[in-house]
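Novice: I have a structure I would like to understand better, so I am pasting it below and will then ask my questions one at a time.
The values are calculated or read from the model by the stated rules, or taken from the named source; none is laboratory data. Keep in mind that what you see is a predicted model, and the values were worked out from it rather than measured. Cβ coordinates were reconstructed from backbone atoms using ideal geometry, including for glycine residues, and neighbour counts include every protein chain displayed. These accessible areas exclude ligands, DNA and RNA; they are computed on the full protein's heavy atoms, side chains included. Shrake-Rupley method; radii C 1.70, N 1.55, O 1.52, S 1.80 Å.
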Amino acid sequence: MKKILRKQLLNRRKIHYLEISSNHIINIFELIKKKYKNIKVIGGYVPINYEYDCLNLLKFLEIKNYIIGLPVIKKNFKMDFYKYSFKNPLKINKLGIPEPVKSSRKIVPDIIFVPLVGYDDNLNRLGYGGGFYDRYFEKNLKLKKIHKIGLAFSFQKIKKLPITKFDKKLDRI
């Protein structure tokens, strides 16, 4: 069921992708300043496959003196976040996704912007099915509180997602 739903939502995202407004950057920044006052480290991602493009938001946050991190894919469907600056180059990983070079410092973000294929009212997220973010949260939420914010468009919302015991809810979408 997740496979069929994932395909439908990816098609919907591709069709509606150009409807995006850059006004979201200021709205998200204001939310972070207001709701998450002592946050210093923010994890993001390099968008692929018509995901919500958070790069301009991350650039804006870097200018505002936040530390930025991007994921680096590891073996066994695991990942870690590494410090990144827009002054530095990225390398392409085995999945074709740009990521920081591993010589950067490994970090654990206070907030992670999470890409998603679909979501529901209960803050459940549907990803691509690899479980990278779920594994990351399982491991690192034991170390510190991480605020998980899904970045998505309203047309990616569905009534109820099929979930398993491994799926981690988000804190905000």
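Novice: Tally up the carbon and sulfur contribution to the accessible surface of the chain as a whole percent, 1.4 Å probe, everything protein left in place.
Specialist: 54 percent
Novice: Using Cα-Cα distances under 8 Å and only pairs 6 or more residues apart, what relative contact order does the chain have, in percent?
Specialist: 22 percent
Novice: Give Lys94/Lys148; Lys87/Lys148; Lys64/Lys145; Lys40/Lys160; Lys2/Lys40; Lys94/Lys160 a once-over and call out the pairs whose C-alpha atoms are over 31 Å from each other.
Specialist: Lys40/Lys160; Lys2/Lys40; Lys94/Lys160
Novice: Still on this model: Give me the 1.4 Å probe accessible area per residue for the chain, excluding ligands and nucleic acids, in Å².
Specialist: So the chain comes to 58 Å² accessible per residue, rounded to a whole number.
Novice: Modelled label-to-label distance, Lys83 and Ser103, 7 Å Cα→beta-carbon offset: nm?
Specialist: Here the answer is 1.5 nm between the modelled labels.
Novice: Identify all aspartates and glutamates with a Cα-Cα distance to Lys75 below 19 Å; exclude those on the same chain that are fewer than 8 residues away in sequence.
Specialist: Glu99, Asp134, Glu138
Novice: How much FRET efficiency would the formula 1/(1 + (r/R0)^6) give for Asn65 and Leu95, where r is the Cβ-Cβ distance and R0 is 41 Å, rounded to 0.05?
Specialist: The formula returns an efficiency of 0.85 here.
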